[in-house]
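Here is the structure we will look at.
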Protein chains: 2
Amino acid sequence: MRADDETAGAGGATRATRTTGVAETAGKDGKYGKDGAAGDAYDPRAFPPFAVTVDLAVFTVRDARLQVLLVRRGESPYRGSWALPGGFVRPDESAGAAARRELAEETGLGADTVRPLHLEQLRTYSDPGRDPRMRVVSVAYAALLPDLPEPRGGGDAAHAQWVPRDTAGPLAFDHDTILADAHDRIGAKLEYTCLATRFCPAEFTLGELQQVYETVWGVQLDRPNFRRKVLATPGFVEAVEGPPRPTGGRGKPAALHRAGPASALHPPLLRPEGRPSP
Amino acid sequence: MRADDETAGAGGATRATRTTGVAETAGKDGKYGKDGAAGDAYDPRAFPPFAVTVDLAVFTVRDARLQVLLVRRGESPYRGSWALPGGFVRPDESAGAAARRELAEETGLGADTVRPLHLEQLRTYSDPGRDPRMRVVSVAYAALLPDLPEPRGGGDAAHAQWVPRDTAGPLAFDHDTILADAHDRIGAKLEYTCLATRFCPAEFTLGELQQVYETVWGVQLDRPNFRRKVLATPGFVEAVEGPPRPTGGRGKPAALHRAGPASALHPPLLRPEGRPSP
DNA sequence: TCGCTTTATAGTCAACATGACCATTCACTA
DNA sequence: TAGTGAATGGTCATGTTGACTATAAAGCGA
């Protein structure tokens, strides 16, 4: 969660292309120029068009590590580099729809599996130089997946691969920045939302939920305190009837829970130390 | 802060335009199709281009009310409606730079005044139908202004006007949604960042700072408790030497403070009741 | 069957933060 | 000189958090 935007390169050059004050205000809100008075107005068609893409930071927690889904680039630039999955937004879909479509394609998961997954818009990256070939603005999304039995299906998604987040990079384009922003945002949202359950299967133990927090934050939490806090937060989790899951012989089997109806935590579940940045 | 994205209209139609799986993965990350193999690849130039704009939710606190800067549209559609200020992103600038440029133009403030203002990217609105004339994706920003002595300069900005936030709307396009998202985001960030000082002039009293919280959140806060909390948070504010500002005869003059070096609050300054949504 | 290990769960206690108050100080005005 | 309005300085009960100890339940190996 970086506070500021890419503001480099502002100022001078933009002034140079400015013609009149009327030209500015005529193009308000993404509209054409004043009706008919096209000569002076700011006309978007007079410029090379923007391409709009989505980039996805797809996270899961597996083997007590935060893993991110990456693809290897087959074309230049950055040929052979790892990159975040993504693709073009099509003329008839929103960025959110494009992100969900790409998520299904890259993970190889069916539409039914992908539909309930949490997709969160992070921010938009629009630096003029971020793609050396053309002007591309990219809307970045973060996706949270439980540790699914079918990590990546065959077909289109064969080239996508889970990589531990701390060993990911350097990535193509500005994807290192996007990934860092995504990690920051997810970590921050764990503090005051119930997002952590999205990393878990439908039924999970409190130990698994705690593992999510510990993995995303990179800290150790006290187990009794974590338990107390989660159970004291109304609507965060609710107990599941029936026998606990077989443990495989290690310790007492834990009771199962499922995500509750709440979406926000009151008060928040704060990280042990200070947060990185606003 | 809406949790989910615009996902309406996904699915069917996008499938119809899909050609092959190779076409999908070839256009990864906002690139052209596979080198040379343009026949099958997804080529952005085959589609009508996207226009990219910025929309600004510019807030200030004046007369104990949250005010937002609006412009009146002179062209159709929504001719005569109020709308958020904004405009096209130019080919050589980032969205953030465009937002700052538009902010200067709409407020009539000089570049030096605008430079230190807080601009925060909210999210991107990309619904295919959000502008009836063409495909426009808009990157929304929130800007926080102190109650400046020159509310709006002359010239270009003469048509922009401060409007109380609760009387704003209905606005053109999806600007009601953007404004609501902006208000939610600002309110949430007041809880765990030092953002509130951005609504204040360089030197301010704790009463003025409290007024910001009360106005944005729409609640009343206890003054001694607020004071204790703010002063106990390291780096939030620091005392200013010298005599207090003349009060105009109403009560004891308050000590002046300026924004401290901190950017995040630990622990956060939570709203009295539960937060609206995640 | 008896320990032994492992993990879940229950409970204690002090430090800290918060919300609801009351009291005092200060500058200006009537 | 008293009165008014706002800032500032406290108290106190309550709730939350962090550190820590203790108990319970399951499987394993001897």
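Out of A:PRO224, A:PRO201, report the one residue that is within 16 Å of DNA strand C (Cβ to nearest atom) and touching a residue at least 12 places away in the same chain (Cβ under 8 Å).
After ruling out the rest, the residue left standing is A:PRO201.
In segment A:248-263, what residues are free of Cβ contacts under 8 Å to residues at least 24 places away in the same chain and closer than 16 Å to A:GLU203 by Cβ?
A:PRO253
Can you tell me which residue in segment B:164-180 is surrounded by the fewest Cβ atoms within 10 Å (Cβ to Cβ), limited to those that are in contact with a Phe, Trp or Tyr (Cβ under 9 Å, 6 or more places away or on another chain) and part of a helix (DSSP H, G or I)?
Going through the qualifying residues, I end up with B:THR177.
Counting just the residues of segment B:216-239 that are assigned to a helix (DSSP H, G or I) and of a type in the set (Val, Ile, Thr), which one comes out farthest from DNA strand D (Cβ to nearest atom)?
Here the answer is B:VAL216.
Given the conditions (1) within 30 Å of A:ASP131 (Cβ to Cβ); (2) modelled with pLDDT under 95; (3) away from every other protein chain (no Cβ under 14 Å), and given that A:GLY155 satisfies all but one, which numbered condition is not satisfied?
For A:GLY155, the exception is condition (3).
Return the residue satisfying two criteria in turn: it lies in segment A:105-129 and is more than 17 Å from the chain's Cα centre (by Cα) and modelled with pLDDT of 95 or more, and of such residues it is nearest to A:THR193 (Cα to Cα).
Applying the filter and picking the extreme gives A:ASP127.
Which of the residues spanning segment A:78-114 are at the interface with chain B (Cβ under 9 Å from one of its Cβ atoms), farther than 20 Å from A:ARG165 by Cα and not in a helix (DSSP H, G or I)?
Selection gives A:GLY87, A:PHE88, A:VAL89, A:ARG90, A:PRO91, A:ASP92, A:GLU93, A:SER94.
Check segment A:245-256 and report whether any residue there is more than 12 Å from DNA strand D (Cβ to nearest atom) and touching a Gly at 6+ places or on another chain (Cβ under 7 Å).
no
Would it be correct to say that A:LEU69 is in a loop (DSSP other than H, G, I, E, B), more than 9 Å from every other protein chain (Cβ to nearest Cβ) and in contact with an Asp or Glu (Cβ under 8 Å, 6 or more places away or on another chain)?
It is false that A:LEU69 is in a loop (DSSP other than H, G, I, E, B), more than 9 Å from every other protein chain (Cβ to nearest Cβ) and in contact with an Asp or Glu (Cβ under 8 Å, 6 or more places away or on another chain).
Answer yes or no: is there a residue in segment A:181-201 that is more than 12 Å from DNA strand D (Cβ to nearest atom), within 18 Å of the chain's Cα centre (by Cα) and assigned to a loop (DSSP other than H, G, I, E, B).
There is at least one residue in segment A:181-201 that is more than 12 Å from DNA strand D (Cβ to nearest atom), within 18 Å of the chain's Cα centre (by Cα) and assigned to a loop (DSSP other than H, G, I, E, B).
If you scan segment B:192-207, which residues turn out to be within 14 Å of chain A (Cβ to nearest Cβ) and either touching a His at 6+ places or on another chain (Cβ under 7 Å) or among the aliphatic types (A, V, I, L, M) (or both)?
B:LEU195, B:ALA196, B:ARG198, listed by residue number.
Select, from A:THR177, A:THR247, the only residue that is within 16 Å of DNA strand C (Cβ to nearest atom) and of a type in the set (S, T, N, Q).
Just a single option satisfies the conditions, and that option is A:THR247.
The values are calculated or read from the model by the stated rules, or taken from the named source; none is laboratory data. What you are looking at is a predicted structure, and each value in this text was computed from that prediction instead of being measured. Here Cβ is always computed from backbone atoms with ideal geometry, including for glycine, and neighbour counts include all displayed protein chains.
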